[in-house]
Structures are given as C-alpha cells and as structure tokens.
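**Q** Please see the structure below; I have some questions.
The values are calculated or read from the model by the stated rules, or taken from the named source; none is laboratory data. Bear in mind that the values here come from a model prediction, so they are computed numbers and not experimental data. Reconstructed Cβ throughout: ideal geometry from the backbone, glycine too, with neighbour counts over all protein chains shown. The area values use the complete protein model at the heavy-atom level, side chains included, leaving out ligands, DNA and RNA. Shrake-Rupley method; radii C 1.70, N 1.55, O 1.52, S 1.80 Å.
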Amino acid sequence: MEIKLEALFQDKIDQEIKIEPRDWMPEKYRKTLLRQISQHAHSEIVGMLPEGNWITRAPNLRRKVALLAKVQDEAGHGLYLYSAAETLGMSRDEMFEELHSGKAKYSSIFNYPTLTWADMGAIGWLVDGAAIMNQVPLCRTSYGPYARAMVRVCKEESFHQRQGYEIMLTLSKGTEAQKALAQDALNRWWWPSIMMFGPNDDNSPNSAQSMKWKIKRFSNDELRQKFVDVTVAQTEILGLSIPDKDLKWNEERGHYDFGVIDWEEFFQVVAGNGPCNKQRLKARVDAWENGAWVREAATAYAEKRELRTKNQTEAA
Ligand code: BYC
C-alpha cells in the first residue's frame, strides 16, 4: 500500500502538481520540508539582528527608512515561513524551542559581525543577492504553501538587493575613505556569502532526494556558480575587486572559475563556533523571554473575547 502511495506521490511531483497540506506524503518528505522551511524561517528572524544593529546609526533619514523597512520585511518573511512550516504539523512554539536550544540550524551567514555602515550595503547586495539566487527556484518548489510564500519573499528580496547595491554604489563613487569602506566590506562578506549555498554537491547529504522530490530545483554548486557569474559584472561597475586571486573567466566552461572555499570555517560556523553564534542565539532567547508578557496578554484578551461572544450568542 505504502509503495503504491509513494509511486503516486512521485508521479504527481513529476507532473508538476503541487503537494498540499492534506495530501498524502512520505514521512521523509514531510520531515525534509519541515527541516528546510523552519531553518529558512529561523534564518529570516536571526537575519534581522546584524542589520538591526545599524538602524540607529544609518547616515541619513532615507537610509534609515529603507533599512527599517528591509528589517521589517525579514520579520514578515519569518512569519510566512513559520506558517508554511506549521501546515506540516509542528507548532511555532516547538520550532522556537528547537532554535533556542541550538538544535535547529539557521544560515551560517548571520554569524558574522556588522562592523561598518558599508556592511549594510554588502549584506543587501551579496547576502540578499545570494538569497534571491537560491529562492527564486523555490517559488516552483513542490510543496504548495512553501512555493506560494516564496513568491512574495522574492519580490521583497529584490528590493533589498537593490537597496544594498545602491549603498555600495554611493560609497564606491564617494571619497577614498568611503571606497575603502566598501572594499573592506566586500572583502569580509564575499567568502561567507558564497558559503551560504551550502556544501559542495559531493558533500551535500540532502540534495539527491530533495532534487528528486523537486524541493530543490538546482544543486548547491549550480546556484553558487550562477551567483559568482552575475556578481563579477556588478563588482566591475562598482570599481571594486573580489578577494579571490583564482577568480577568472573560463572560456571553455562559459563560467568563472573561483578559489577553494574554506569548508573548515563553514562547518565551524554551522556547529556554533562562528564569531557571533552565541550573541545571536542569546538575542533570540532574550527576545522570547522578554516577550512572554505580550503573549500572555494576547492569549488572555483572545479568551475574554471568545467568552464574550459565547455569552452574547447564548443570550440571543
Ligand atoms: N548555513 O545537504 P545540504 C535569508 C546545512 S537567506 C547553515 O546541502 P540542504 C535571508 C544543511 O541544513 C538564508 N547550515 O542541505 C537573507 C544540512 O544540515 P542538516 C536562508 C547549512 O537543505 C537576507 C547540512 O548543512 N535561506 O534567509 O539540501 C536577509 C548539509 O547541507 C547551510 C534558506 O534557508 C548554511 N549556509 O541544502 C535575511 C533557503 N548550508 O539540516 C534573511 C532554503 C547547508 O541536515 N534552504 N547547511 O542538519 C535551502 O535552499 C537549503 O536548505 C540549503 C541547504 C541550500 C541552505
């Protein structure tokens, strides 16, 4: 019976029919999605922290408003994604518990510090740029609620990418000191950004099955290559240089070759030993604990309203 259901399920996937919450699905498909979507949601809300650090120090009102809007968008993305993950049978509280206990992962990129204003430019340009590369194909992922959430997320990410690139453009066309800030931010964010796509394909345990189920449409290395290819031209417009001496156009492949990623650094960051892992997790746990009274008040208010409606219905 199970085998027949699995065959029908794969058939639907192959025909590009979306899987919806009430449809039968293999347990491993549900678990893989829950893992990926919840990690993605956690990344969005942890991703608010490095940029939130600069809201009060934005150089002018226009920059402040744009940065504030971007960080708010990320909270929204977290909410759509937690809602999509909840349709797979795990409550939001359970997901938060996994984040706060260190059991759940979130993107490695958010464990690096934001040292200067130029980092707001580099994050928007590179980190959101990498996120778009990874997430546009997720608009066609096989699970309906995830695919639909990603459509809006991607529209907003594209505003974020432009916001960042415009900061980089302004700095790189500014004074020598401003240009140096932009170059320094590129130097520090380049390698962590290309690590975001995950381990190489030959070291990516989840990829084969996720590609078969069309959760992932492109492999980690394919997306990383696309990102490097488009980013080189954007860097030339900025008049900056990518910190990789092995970066060069390969005529035969029709792609840029690039240097070897420091995977030891990546796995250390993912394991919790990056420069800001402890600080990021503490900020999330503190926010959860300090927000307890808001959750309690909201629950008490909802209960009061429900009781009032019930009494009114009974009286009528
Ligand atoms: N950081 O078999 P693999 C954003 C883990 S953008 C930490 O290739 P998979 C934002 C992976 O989870 C960032 N861990 O896995 C942007 C797995 O461990 P587990 C979020 C990573 O899932 C701007 C193990 O390594 N985007 O939100 O097939 C502002 C082996 O990897 C990372 C998403 O989450 C990493 N970089 O592929 C604000 C997009 N890479 O779980 C916010 C959706 C890998 O087996 N996610 N690992 O213990 C995906 O597309 C995929 O999950 C990945 C990894 C490509 C990231």
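**Q** When the chain is modelled as a GNM with alpha-carbon springs shorter than 10 Å, which of Val269, Val285, Val260 fluctuates the most?
**A** Taking springs between Cα atoms under 10 Å, the residue moving most is Val260.
**Q** Follow-up. Within 10 Å of each candidate Cβ there may be at most 13 other Cβ atoms; applying that plus a DSSP loop requirement, which trypsin sites (Lys or Arg not before Pro) in the stretch 1-69 survive? List each step's numbers first, then the result.
**A** Numbers: sites: Lys4, Lys12, Lys18, Arg22, Lys28, Arg30, Lys31, Arg35, Arg57, Arg62, Arg63, Lys64; in loops: Lys18, Arg22.
Passing both the DSSP loop test and the Cβ count: Arg22.
**Q** For the chain, take the longest principal axis of its alpha carbons; what is the angle in degrees between that and the long axis of helix 292-315, to the nearest 10 within 0 to 90?
**A** In the chain, helix 292-315 runs at an angle near 30 degrees to the longest axis.
**Q** Tilt of helix 27-46 relative to the longest C-alpha principal axis of the chain, in degrees (0 to 90, nearest 10)?
**A** 60
**Q** Still on this structure: Kindly express, to the nearest 10 degrees and within the range 0 to 90, the angle between helix 2-14's C-alpha long axis and the longest C-alpha principal axis of the chain.
**A** In the chain, helix 2-14 runs at an angle near 50 degrees to the longest axis.
**Q** Let me ask you something else. If I compute solvent accessible area with a 1.4 Å probe over the protein chains, what percent of it on the chain is carbon and sulfur?
**A** The C+S portion of the solvent-accessible surface of the chain is 57 percent.
**Q** In addition: Once you mark the GluC sites (Glu not before Pro) that are in a DSSP loop and have at most 10 other Cβ atoms within 10 Å, what is the longest gap between them in the chain?
**A** The answer is 17-250.
**Q** Just to confirm the filter: which trypsin sites (Lys or Arg not before Pro) across the stretch 73-127 are DSSP coil and have at most 13 other Cβ within 10 angstrom of their Cβ? Walk me through the numbers on the way to the answer.
**A** Details: sites: Arg92, Lys103, Lys105; in loops: Lys103, Lys105.
Here the trypsin sites (Lys or Arg not before Pro) that fit, given the DSSP loop and packing criteria, are Lys103.
**Q** Tell me which aspartates and glutamates have Cα within less than 14 Å of Lys103's Cα, excluding those fewer than 8 residues away on the same chain?
**A** Of all the aspartates and glutamates, those that pass the test against Lys103 - Cα under 14 Å, at least 8 places apart if same chain - are Asp93, Glu94.
**Q** If each DSSP helix of 4+ residues adds -39,500 (n - 2.57) and the sum is divided by the residues in the chain, what number results at 222 nm, nearest 500 deg cm²/dmol?
**A** -21000 deg cm²/dmol
**Q** If you don't mind, another one. Multiplying the sequence separation of Gln72 and Arg217 by 0.36 nm and subtracting their Cα-Cα distance, what value in nm do you get?
**A** 49.4 nm
**Q** Give the residue list of chymotrypsin sites (Phe, Trp or Tyr not before Pro) in the stretch 236-316 that are DSSP loop and have at most 15 other beta-carbon atoms within 10 angstrom.
**A** Within the stretch 236-316, no chymotrypsin sites (Phe, Trp or Tyr not before Pro) qualify (loop, at most 15 other Cβ atoms within 10 Å).
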